[in-house]
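Only the coordinates and a few stated rules stand behind these numbers; no lab work does. Keep in mind it's a predicted model, so treat the numbers as computed, not measured. Virtual Cβ from ideal backbone geometry, glycine too; neighbours counted across all protein chains shown.
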Amino acid sequence: MMPSDCLTTYLIISLFLLILGIYGMVRHRTFIGMLISSEFIFNGASLNFMAFNRFLAPNPAVGQIFSLFIMGIAAAEAAVVISLILMVYHKYRSIDPDEVHDLKH
């Protein structure tokens with residue numbers, strides 16, 4: 001039996017991507033690092049949907065539709081965050097979240 005024939009393999013990889021994304025969100029000190037970490041979280045969720053789709057779903061299109069929906073959300077989130085990063089950099093000349101403390105009211 002190949003490792004790719006087991007649901008557990010995909011779930012472990014998905015869990016690894018989720019943990020890597022959460023660790024990156026906590027650890028990274030720049031907005032770009034946080035954006036990349038959130039993409040890891042989205043990819044872990046997408047892999048999870050595709051794995052359950054392959055092994056458990058009676059309709060094979062459901063997991064693929066969820067994955068496409070997650071990819072669309074991730075692309076929209078990346079576009080919004082990059083525009084916000086550019087706006088913050090234009091005003092404060094830094095993308096370090098600790099140096100951008102004037103955003104609080």
Query - In segment 81-105, the residues that are assigned to a helix (DSSP H, G or I) and loosely packed, with under 10 Cβ neighbours inside 10 Å - result: His90
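Within segment 24-43, work out how many residues are assigned to a helix (DSSP H, G or I) and over 19 Å from Glu77 (Cβ atoms). Before the answer, list the steps.
Of all residues in segment 24-43, those assigned to a helix (DSSP H, G or I) come to 24-27, 31-43.
Those left that are additionally over 19 Å from Glu77 (Cβ atoms): 27.
The total comes to 1.
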Report task. Please find, among Phe52, Phe66, the residue that is touching a residue at least 24 places away in the same chain (Cβ under 8 Å) and farther than 29 Å from Arg29 by Cα. Result -> Phe52
Query raised in the report: For segment 48-62, does any single residue satisfy the condition of being within 10 Å of the chain's Cα centre (by Cα) and either loosely packed, with under 14 Cβ neighbours inside 10 Å or of a type outside the set (A, V, I, L, M) (or both)?
Result: no
